[in-house]
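Quick notes on the structure that follows.
A short reminder: the numbers here are calculations on the coordinates, not readings from a lab. These figures come from a predicted structure and were not determined experimentally. Here Cβ is always computed from backbone atoms with ideal geometry, including for glycine, and neighbour counts include all displayed protein chains.
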Amino acid sequence: MCLIMLIDSFFKITKIEENWNAVRFNVSINFEHKIFEGHFPQQPVVPGVFSLQMIKECLEWFHNKKYQYSELINCKFLNPIFPEQDRELLIECEYELTDSFLLKAKILFENTVYLTLKAKLNEI
């Protein structure tokens with residue numbers, strides 16, 4: 001279980017749009033976050049694990065529940081997220097509630113897709 005929370009320190013939710021089994025989060029990245037001192041000082045890049053954590057924390061905030069990834073079915077990092085130019089992002093989530101939480105998600109902005117994800121989450 002990850003105990004580090006990124007919401008409100010690394011990123012903030014600026015807008016939410018809800019549909020039946022889908023939700024979209026507009027988020028802004030904090031370019032001043034300490035992670036960029038080491039990842040990487042000359043060319044800061046959002047760590048891939050932070051992208052996965054942002055998706056999970058947005059859903060946790062929205063549902064007021066705690067989740068953990070139980071299976072990453074398919075995860076593709078298609079483009080790096082450079083916080084100097086990619087401060088505003090869109091996180092799109094579609095989900096099915098069955099015996100587990102089946103999630104399809106994307107992180108994107110305008111015409112650039114940064115990450116696609118299909119995963120299962122369990123409530124903890």
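Quick notes
- Dipole of the chain [Lys/Arg +1, Asp/Glu -1 at C-beta], most positive-end residue of Gln43, Leu90, Leu78: Leu78
- The range 12-50 and the range 53-89 have their alpha-carbon centroids 8 Å apart.
- Amide N of the range 28-64 lying under 19 Å from the label point, which is placed 7 angstrom from the Cα of Leu78 along Cα→Cβ: 46-56
- GluC sites (Glu not before Pro) lying in DSSP loop within the range 7-53, provided at most 15 other Cβ fall within 10 Å: Glu32
- If you bin all the Cα-Cα distances of the range 1-72 at 5 Å, starting from zero, the percentages per bin are 3, 13, 26, 24, 17, 11, 4, 1, 0.
- The base-10 log of I(q)/I(0) for the range 68-111, evaluated at q = 0.21, 0.26 Å⁻¹, reads -0.83, -1.04 [Debye formula, identical scatterers on Cα atoms, solvent excluded].
- For the range 4-80, chymotrypsin sites (Phe, Trp or Tyr not before Pro) are listed when DSSP marks them as loop and at most 16 other Cβ atoms sit within 10 Å of their Cβ; the list is Trp20, Phe31.
- Descending Cα extents along the principal axes, the chain, whole Å: 45, 31, 25
- Once the chain from Glu37 to Arg24 is taken as fully extended at 0.36 nm per residue, the excess over their C-alpha distance is 1.7 nm.
- Considering only Leu102, Leu72, Leu52, the Gaussian network model of the chain with Cα springs below 10 Å gives its largest mean-square fluctuation to Leu72.
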